[in-house]
Every structure is written in C-alpha cells, then in structure tokens.
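One structure is given here, and the rest of the page talks about it.
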Amino acid sequence: MITPETDSITLAHGNGGRRMRELITSIFVRHLGNPCLAPLADAARLPDHLADDEALAVSSDGVTVQPLFFAGGDIGSLAVHGTVNDLAVAGATPRYLTINAFLEEGLPLATLEQIVASLAAAAQACGVQVVAGDTKVLPRGLCGGLYLGVSGIGVRSRRLSLGAEAIRPGDAVLVSGPVGDHGVAVMLAREAFGLRGELRSDSASVLPLTQALLALPGLRFMRDPTRGGLATVMHEVRQATGLGITLRQERIPIRGGVCSVCEMLGYDPLYLACEGRVVAIVAAERAEEALGRWRALPQGRSAARIGTLEADHDRLLLVNDWGGERTLLELEDDPLPRIC
C-alpha cells in the first residue's frame with residue numbers, strides 16, 4: 001500500500017508525523033516486519049541465548065551505489081550482502097541487521113518499495129532478520145535517491161583465531177571466483193561510456209564459502225574484496241604482516257567480458273570491487289583441501305590458488321607466465337566512485 005497523497009518522497013515523510021508513520025508501516029514494516037521490528041519502539045530486544053563458547057561480532061556499512069539498480073542486484077540486496085559478508089569473513093554467522101534509510105525528496109515510492117522488497121528477500125535468503133531501523137528525508141539534490149546505512153550482529157566461536165597476525169611466509173592466497181564483476185556491472189549500468197554487456201554483479205552472500213573453511217586447520221585469514229578489489233586486500237595484508245606477496249597472473253580468475261571492458265577503458269580488474277567473493281590465506285599444505293571445499297559449492301567452482309606470501313621481499317608482485325614482474329601499487333584515486 002502506497003500513501004495516497006503522493007507517489008514520491010516529500011520532506012513531510014521525514015517530519016515524524018502521519019506521512020512518516022504511513023511510509024514506515026506501508027513499505028518498511030510490511031516487507032521487513034518481524035516480532036523484533038516494532039514500529040513504535042526505539043530499540044529492539046534480541047534473544048540472549050549465547051553458548052559459553054560463543055561471542056558477538058558487529059559490523060557496520062554504508063551503501064551509496066549509483067545507479068540504484070544494476071545487472072545482478074540493487075542497492076537493497078547489496079546492502080544486505082555487504083554487511084552479511086563482512087560478518088561472514090570474520091568467521092561469524094550473521095543473525096540481525098539494522099537499516100538506516102536516507103531518502104531523497106522526489107524518490108518515487110514505487111522505486112523505494114521495489115528496493116525494500118529486494119532487501120527483504122536478500123535478508124530472508126541469508127537467514128538474517130532486520131530488527132530495527134530509521135528513516136531520514138534529505139532535500140532534493142543532496143543524495144542519489146537513496147543511501148542505506150546497515151549494521152549487523154552475528155555470532156562466532158571464541159575458539160576461532162583469524163587475522164593477519166596468524167599469517168606466515170609460504171602461506172597460500174586463494175580467491176573463491178572471478179574478480180571485478182561487480183565494478184564492471186555497475187559501470188555498464190551507468191551507460192556513461194555507451195557500452196552494453198551481459199556481465200552481472202557477483203553480489204551474493206559468501207556465508208557458504210566462509211563456513212566451508214572455518215573448521216579447516218591452517219586457515220589464517222579471510223576478507224571480501226569490495227572497494228579497491230583484490231589488489232587492495234593484498235596491500236592490507238602486506239602492510240599488516242611486513243611480508244611480500246607474489247600473485248600469479250595466469251591463475252587469477254577474470255571473466256573475458258571484464259577484461260575486454262577494462263582494456264577498452266583503461267581499468268585494472270584487480271582493483272575493481274567484488275561483492276560475492278572471498279580472499280583466503282591458508283597454510284600451503286592445506287590449500288588444495290580448501291580449494292576442494294570451495295569448488296564443491298556453486299559459488300566456488302572457479303576458486304583458484306593465486307599467490308604466495310614471501311619473506312624475501314615486501315612488495316605486491318604480479319608475475320606472468322614468462323617470468324615478467326609488475327609491482328602492483330596501492331590505489332590512490334577512486335577509479336569507480338559510488339559502486340557499493
């Protein structure tokens with residue numbers, strides 16, 4: 001049910017009065033409603049039945065993608081996947097989300113409803129509940145239609161030890177699938193370059209991928225390569241460990257369409273965002289077992305071992321089949337702003 005007075009967001013939808021109440025109940029509560037999401041409450045009461053060996057994990061994210069819809073997803077599903085994935089790569093099982101919606105005056109209510117419905121479907125598919133939220137309306141021209149702020153709560157084992165401090169020389173670098181899909185899909189959706197293509201964002205939950213490795217001895221580190229892509233994650237690891245990283249160019253999975261777009265426009269796919277991939281670092285002797293676990297999943301069929309942690313240099317090197325080396329520098333400018 002859309003409020004009858006108007007078919008788009010007005011400043012009155014943010015004034016705390018009747019229109020705001022109708023907006024929340026007719027769109028947000030209708031799609032996201034559950035016993036914890038009480039429209040008249042300022043806070044949600046969550047179950048507190050943690051086991052003795054469990055701990056809470058918390059993550060927060062902001063989503064400002066433009067355009068709001070792209071091949072393979074939209075800002076609503078992306079908001080869920082981004083926060084779910086941040087918790088998943090930390091070794092947690094996501095449970096609850098809160099959503100802050102910043103709405104621009106003039107946003108069609110039909111568009112908002114489509115996005116909230118997509119957000120609700122993604123949350124249900126990921127097994128998480130939206131338990132609290134807030135809406136703010138901004139004057140026309142102050143945001144690209146809609147921004148979303150998302151916080152997530154998950155549960156992880158206290159025995160789990162993941163982090164850069166566990167990484168050792170000789171460890172293997174794995175990636176769960178092709179990189180750069182999301183960045184190129186959003187770029188094509190903008191139509192700024194007059195390009196068309198069949199590429200889709202990889203936006204999805206990585207929880208099955210992370211849970212497949214949690215019990216693996218020798219698992220050191222996991223991260224989802226979002227803004228800044230694979231290369232940026234590798235630089236974060238390099239800086240945190242003091243170790244160098246050598247990546248094998250021919251082993252990195254990249255779709256042909258992504259390569260073609262990047263060659264035409266001068267982008268490097270190693271710096272483009274992914275929204276459904278995992279980078280993992282594991283002990284070298286466990287790499288094949290980890291790949292086997294990933295490749296048994298639909299999301300991990302293209303998983304590959306792409307590199308090694310090195311003690312004899314401190315750079316991020318890309319090495320090709322002929323032995324040629326290229327140093328991958330840290331990202332300075334944002335090659336594709338507003339992609340997640």
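One table, with the values for the structure above:
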| item | result |
| --- | --- |
| Gaussian network model of the chain, springs between alpha carbon atoms under 10 Å - residue of 86, 53, 61 with greatest fluctuation | 53 |
| Relative contact order, percent, the chain [alpha-carbon distance under 8 Å, six or more residues apart] | 22 percent |
| Amide H partners (placed H, <5 Å) of residue 226, local residues excluded | 274 |
| Tail weight of P(r) past 20 Å, computed on alpha-carbon pairs of the stretch 167-273, percent | 45 percent |
| Solvent exposure of the chain as accessible area per residue, Å², 1.4 Å probe | 45 Å² |
| GNM top mover of 43, 164, 290 - the chain, alpha-carbon springs below 10 Å | 43 |
| For the stretch 63-125, alpha-carbon Rg and Dmax in angstrom | 12.4, 40 |
| Cα lying deepest toward the dipole's positive end in the stretch 209-309, options 209, 247, 222, charges on Cβ | 209 |
| Accessible-area composition of the stretch 49-153, carbon plus sulfur, in percent [1.4 Å probe] | 55 percent |
| Nitroxide proxy distance, nm - points 7 Å out along Cα→Cβ at residue 11 and residue 314 | 5.5 nm |
| Cleavage-rule hits, trypsin sites (Lys or Arg not before Pro), the stretch 133-176, DSSP coil, Cβ neighbours within 10 Å at most 11 | 158, 159 |
| Pairwise label distance in nanometres, residue 302 with residue 51, each label 7 Å out on the Cα-Cβ vector | 3.6 nm |
| For the stretch 41-173, alpha-carbon Rg and Dmax in angstrom | 17.2, 55 |
| Counting DSSP beta bridges with both ends in the chain, the antiparallel % (nearest 5) | 75 percent |
| The stretch 155-162 - phi-based ³J(HN,Hα) in whole Hz, Karplus 6.51/-1.76/1.60, Gly and Pro as x | 10, 9, 6, 5, 7, 6, 10, 10 |
| Relative counts (whole %) of C-alpha pair distances in the stretch 297-340, using bins that are 5 Å wide | 5, 14, 14, 18, 15, 21, 11, 2 |
| Percent carbon-and-sulfur accessible area, the stretch 216-333, ignoring ligands, DNA and RNA, probe 1.4 Å | 43 percent |
| Cα gyration tensor category, rounded, prolate or oblate, for the stretch 101-182 with a/c compared to 1.5 | prolate |
| Long-range tail of P(r) for the chain (Cα pairs > 38 Å, %) | 20 percent |
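The values are calculated or read from the model by the stated rules, or taken from the named source; none is laboratory data. All figures in this text were calculated on a predicted structure; none of them were measured in a lab. In this analysis, Cβ positions are derived from the backbone assuming ideal geometry, glycine residues included, and neighbour counts consider all displayed protein chains. The accessibility values were calculated without ligands, DNA or RNA, using every heavy atom of the protein model including side chains. Shrake-Rupley method; radii C 1.70, N 1.55, O 1.52, S 1.80 Å.
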